Amino acid sequence: MDHFKYKGDSLFAEDLTVSDIAARYGTPCFIYSRATLERHYRVYAEALAGHPHKICFAVKANSNLGVLNVLARLGAGFDIVSGGELDRVLTAGGDASNIIFSGLGKTTNEIRKALDVGIHCFNVESEAELSRINEIAQAEEKIAPISVRVNPNVDAGTHPYISTGLKENKFGIPASNAIDLYRNAAKMDGISIMGIDFHIGSQLTTVEPFLDAIDRILEMVDKLDEEGIKISHFDMGGGLGVPYGKEEPPHPSELIALVREKFTGREMEIVVEPGRSIAANAGIFVTRIEYLKKSEQKNFAIVDGAMNDLIRPALYGAWQEIVPVEKSSKAAAVYDVVGPVCESSDFLGKDRELNIAAGDLLAVRSAGAYGFVMSSNYNTRPRVAEIMIDCSDSYLVRERETVAELFANEYMLPD
Ligand code: LLP
C-alpha cells in the first residue's frame, strides 16, 4: 500500500498531482511520500509491539536527511554502514543509542566516532575487527557493545549480487567459528557482548529463509547461554522484499508474527534492519520523454532520466513498473524506455506497452529504496532533486546539483 494513486487520469503523490510537482521542481526527480514511509514503519512497530524490539532503518536504502528525519520523529533506530551514514543520522535527529553499525570494513576513525557518540551496538564481521574495536575502546577507556554477525549458510533465493548469507559470501562469520569468537570477546576488557545478528540477503519473497536462519542462530544462542555468555538482543537483519511487479512477498506483519512464535518464552530484544520494505514503495522516479525513436526492431522512448540516476535495471536487470503520469488515449506501442547515457545497459525498462508522446512524463515506481543513493554523476550528469510530499505540501529535500558543483573540487595542472 502506498500513496501514489491515479485519481481520474492523473497520478497523484498523496494530495498533489505528479504533473504539478514535476512542473514546480523539474525532471528528473525522486518524489517521496511521507505518509507511505510512516505507514511502512508503523506496520513493523505494530507487529513488534508487546515484545522488546528495535526497528533500525537500513540507511543505505535511502539516506536523504528528510527521509531519515521523518523516521527519526517516529522513534526509529538506524542501521548504518559508514561514518558518513552516522553523521547523516545524527544530523537528521536520530538517537545515537538506537544506532546499529553494520559493515565489514569499519575504519579506526569510524569506530572511534561511533564509540564517542555512544551507539547501541557494533555488528562485528571478523576476528580482526573485534580486536580493533577492543583496542580502540580500551585506549578511550570505554566499553564497546558488540554483536557478532553469523553467516547461517542459508540460501535466500534472491539475486546473487544481493544474497549475503551463503558460505561463499564475504559477510559474517561462519557458524563454526562464531562460538570461539564469542569466547574471545568475553575475555576482552573493551568489549561487552550484547547480541547476535545475521542478514541473509535482500528482496526475499518467502519467509522460509528467515525462519531457517532464526532456528540456526537461536541454537547458537542456547549454546552460548550454556557457557555463560548471555545474548540480550537478536538482530535478524533486513531483506524483506517488496512487490515490484508480480512478486508476492509476505507482508511484514505476517513475517513478524511467525518470527515472534520463535521467541515465545524468550525475553531477548528483537532487532530488525528493514530498508527496502520501508522505503521502496514510498518513492517514485519521474522522468520526461525527450524523443520517441523507431528502429527496425524496436521503439525507444528516450527520457531525461538514466542509469546514473536509477541503476537497478542496468545493474541487476531489475524490473520496476513504469506508468504514465497522465493517462491518455494515444495509440499504444511497446517501448524500451532508455536514457541518454552512452551504454547499452542504460535502460529503465524494456518492452513496456505505453500510450505516450514526446514531452510526456513517466513515473518509475518503487524507486524510494536503492534509487537516489546509488546514483552517480556518470556522463557529467548532475544528480537529481528529491522532493517529499506531505498531504498537499511539497518540500524540496535535496536540491538538484549544478554542473559547476560537479567539477568544483577538480584542478588543472599548473602552467
Ligand atoms: N542490514 C544489512 C546488514 C544489509 O546489508 C542490508 C542491505 C540491509 C540491512 C537492508 O536490506 P533490505 O531490507 O533493504 O533488503 N542495492 C540492492 C540492495 C542491496 C542491499 C544491501 N544490504 C538493490 O537495489 O536491490
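Observations
- Any hit, region 279-293, residues being among the charged types (D, E, K, R), more than 13 Å from Ala358 (Cα to Cα) and either touching a residue at least 60 places away in the same chain (Cβ under 8 Å) or away from the ligand (no atom under 13 Å from the Cβ) (or both): no
- Restricting attention to region 263-277, the residues that are of a type in the set (A, V, I, L, M, F, W, C) and part of a loop (DSSP other than H, G, I, E, B) total 2.
- When the criteria are applied in full, Gly359 fails the requirement of being in contact with a helix residue (DSSP H, G or I) (Cβ under 8 Å, 6 or more places away or on another chain), in the same structural domain as Thr380 (by TED's automatic domain parsing), surrounded by fewer than 21 Cβ atoms within 10 Å (Cβ to Cβ) and small (Gly, Ala, Ser).
- Within region 364-384, considering residues that are more than 16 Å from the ligand (Cβ to nearest atom) and crowded, with 21+ Cβ neighbours inside 10 Å, the one nearest to Tyr32 (Cα to Cα): Val384
- Any chance Ala314 is within 16 Å of the ligand (Cβ to nearest atom), of a type outside the set (D, E, K, R) and either closer than 27 Å to Met388 by Cβ or outside any loop (DSSP other than H, G, I, E, B) (or both): yes
- When region 1-57 is filtered for residues that are farther than 30 Å from Glu267 by Cα, assigned to a strand (DSSP E or B) and hydrophobic (A, V, I, L, M, F, W, C), the ones remaining, listed by number, are Phe4, Leu11, Phe12, Ala13, Leu16, Cys29, Phe30, Ile31.
- Of the residues examined, Glu273 is one that is of a type outside the set (Lys, Arg), farther than 29 Å from Arg381 by Cα and either away from the ligand (no atom under 16 Å from the Cβ) or crowded, with 17+ Cβ neighbours inside 10 Å (or both).
To keep it simple, each residue is scored yes or no on (1) in contact with a Phe, Trp or Tyr (Cβ under 8 Å, 6 or more places away or on another chain); (2) at pLDDT 95 or above; (3) farther than 18 Å from Ser97 by Cβ.
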site: Ala114; (1), (2), (3): yes, yes, no
site: Phe122; (1), (2), (3): yes, yes, no
site: Glu135; (1), (2), (3): no, yes, yes
site: Ile146; (1), (2), (3): yes, yes, no
site: Arg149; (1), (2), (3): yes, yes, yes
site: Pro152; (1), (2), (3): yes, no, yes
site: Gly157; (1), (2), (3): no, no, yes
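- Residue in region 163-182 that is at pLDDT 95 or above and within 20 Å of Ala72 (Cβ to Cβ) present: no
- Across region 95-130, the number of residues qualifying as in contact (Cβ under 8 Å) with a residue 40 or more places away in the chain and among the polar types (S, T, N, Q) comes to 4.
- Yes/no for Phe300 being surrounded by fewer than 24 Cβ atoms within 10 Å (Cβ to Cβ), more than 28 Å from the chain's Cα centre (by Cα) and not charged (D, E, K, R): yes
- Only strands (runs of 3 or more DSSP E) whose full extent lies in region 80-177 are considered here, and none of them has at least 2 residues that are surrounded by fewer than 16 Cβ atoms within 10 Å (Cβ to Cβ) and not assigned by TED's automatic domain parsing to the domain that holds Asp235.
- Taking the listed residues Ser329, Ser345, the one that is within 16 Å of the ligand (Cβ to nearest atom) and among the hydroxyl-bearing types (Ser, Thr, Tyr) is Ser345, with no other qualifying.
- Failed criterion for Tyr244 (all others in (1) outside any helix (DSSP H, G or I); (2) in contact with an Asp or Glu (Cβ under 9 Å, 6 or more places away or on another chain); (3) more than 12 Å from the ligand (Cβ to nearest atom) hold): (3)
- Qualifying positions in region 65-79 - of a type in the set (S, T, N, Q) and either surrounded by 24 or more Cβ atoms within 10 Å (Cβ to Cβ) or within 13 Å of the ligand (Cβ to nearest atom) (or both): none
- Yes/no for Arg381 being touching a strand residue (DSSP E or B) at 6+ places or on another chain (Cβ under 7 Å) and either part of a loop (DSSP other than H, G, I, E, B) or modelled with pLDDT of 95 or more (or both): no
- For region 91-108, a tally of residues being more than 18 Å from the chain's Cα centre (by Cα) and more than 16 Å from the ligand (Cβ to nearest atom) returns 7.
- For Ile284, the conditions (1) crowded, with 16+ Cβ neighbours inside 10 Å; (2) in the same structural domain as Glu46 (by TED's automatic domain parsing); (3) within 23 Å of Ala58 (Cβ to Cβ) are fulfilled apart from (2).
The values are calculated or read from the model by the stated rules, or taken from the named source; none is laboratory data. Fair warning: this is a prediction, and the values are worked out from it, not measured in the lab. With ideal geometry, Cβ positions are generated from the backbone for all residues, glycine too; neighbour counts draw on all protein chains shown.
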